[in-house]
Amino acid sequence: EPDFAERIASKLGAVSTRKVVHALDGVDLAVRKGEVVGLVGESGCGKSTLGRVIAGMLPATEGEVLVNGRGRDALRGAEARAARLKTQIIFQDPMSSLNPRKRVIDIIGEAPVAHGLIKAREKRKLVEDLLETVGLDPSMSNRYPHQFSGGQRQRIGIARALAVKPEFLVCDESIAALDISIQAQVINLFMDLRETFDLTYLFISHDLGVVNHIADRVVIMYLGRVVESGSVEDIFEHPNHPYTAALLSEVPSIDKRHRTFNTIKGEIPSPVNPPSGCHFHPRCPHAFERCRIERPALRSVGSEHDSACHLNDLPERPIFNNLGN
Ligand code: SF4
Ligand code: MG
């Protein structure tokens, strides 16, 4: 549909890695133009894999990525390159994603010249403008990455992404490695850039607290499957899935945000050999017999609110409050 800048549809049955782990299992995710979708789950749930597939860095062995309703993988030549540039990914660790031997002017300015978006003589002007846009001093363009702080390096990474005029940014734990005070600044930068450049975001995070600040819609993944998705209000005020409820009960106060989910009962099972039925059943306080046998389908539980849990078939089911209890 025309109102979808990015439609990421898939029957991503499997994404092969060296071990042929089925990192994603039947994931179907749509992101509307201008929206911020938060993709949340514990490490190993497949959220980074999904981000890389969407960003065109990893092929999906099944399924496809649709951009404005068209299959991106079927595009060829100049059209394919243009489509690829429209989606950029920003990683967690700006140090390892910036070439230490290159100056900032080249880190940011090389791609737009190489792709013919600007002429070589326009490079310095573009880079200086972008440095200003991301809150850095334009006179720093001749420096190397190691001459910047972690937060500044992440701003350089953001400027590099912006240099090719993307419409859609995939942010994979893009603030997770930064100090808490710097995290807030970079979140604000992302929100400002959304307005200025009309950006759409897939914001991947293990941190529901961060996602609550930034997202319009939230998608919760567990072991390669989407278990719940809905508006940020639905997810935080009326969670349906026991896993979402468990995550919410783990959201620490803002000053202790670096805590992880490890107080949810039990370990995350291996994605190589996931549990039968509902993947969450060994850790779920509400599990019953059917959960071990049958995979729950993702179904509508409200307006644009989906959940995959057998509890929804019971005449009386527990209602979770916004503390996840
Ligand atoms: Fe828990 Fe069963 Fe729902 Fe899975 S389907 S989340 S095990 S109640
Ligand atoms: Mg990850």
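Look through segment 286-317, keep the residues that are touching a helix residue (DSSP H, G or I) at 6+ places or on another chain (Cβ under 9 Å), assigned to a loop (DSSP other than H, G, I, E, B) and free of Cβ contacts under 8 Å to residues at least 60 places away in the same chain, and return whichever of them is nearest to ligand 2 (Cβ to nearest atom). Can you show your working first?
Of all residues in segment 286-317, those touching a helix residue (DSSP H, G or I) at 6+ places or on another chain (Cβ under 9 Å) come to 286-288, 290-292, 294, 296, 299, 301-305, 307, 309-311, 313, 317.
Now narrow it down to the ones that are assigned to a loop (DSSP other than H, G, I, E, B): 286-288, 294, 296, 303-304, 309, 317.
Narrowing further to those that are free of Cβ contacts under 8 Å to residues at least 60 places away in the same chain: 286-288, 294, 296, 303, 317.
Details: H286: 28, A287: 27, F288: 32, E294: 29, P296: 25, S303: 30, R317: 32 Å.
This residue is P296.
For segment 142-161, does any single residue satisfy the condition of being in contact with a strand residue (DSSP E or B) (Cβ under 9 Å, 6 or more places away or on another chain) and among the β-branched types (V, I, T)? Full working, then the answer.
So the first thing to find is which residues in segment 142-161 are in contact with a strand residue (DSSP E or B) (Cβ under 9 Å, 6 or more places away or on another chain), and the list is 154, 157-158, 160-161.
From what's left, among the β-branched types (V, I, T): 158.
Yes, there is a match, as at least one residue in segment 142-161 is in contact with a strand residue (DSSP E or B) (Cβ under 9 Å, 6 or more places away or on another chain) and among the β-branched types (V, I, T).
Restricting the search to segment 86-117, which residues are hydrophobic (A, V, I, L, M, F, W, C), modelled with pLDDT of 90 or more and surrounded by fewer than 18 Cβ atoms within 10 Å (Cβ to Cβ)?
Matches in segment 86-117: A111, V113, A114, L117.
Scan (1) surrounded by fewer than 24 Cβ atoms within 10 Å (Cβ to Cβ); (2) modelled with pLDDT of 95 or more; (3) in the same structural domain as K86 (by TED's automatic domain parsing) for the single condition L202 breaks and write down its number.
Against the list (1) surrounded by fewer than 24 Cβ atoms within 10 Å (Cβ to Cβ); (2) modelled with pLDDT of 95 or more; (3) in the same structural domain as K86 (by TED's automatic domain parsing), L202 comes up short only on (1).
Inside segment 85-164, counting only helices (runs of 4 or more DSSP H) that do not spill past its ends, which hold 2 or more residues that are more than 27 Å from the chain's Cα centre (by Cα)?
104-114, 123-133
For M57, only one of the following conditions fails: (1) under 22 Å from D207 (Cα atoms); (2) within 16 Å of ligand 2 (Cβ to nearest atom). What is its number?
Only one criterion is unmet by M57, namely (1).
The values are calculated or read from the model by the stated rules, or taken from the named source; none is laboratory data. No experiment lies behind these values; they were computed from the predicted model shown. Using ideal geometry, Cβ is built from the backbone for each residue, glycine included, and neighbour counts are taken over all protein chains shown.
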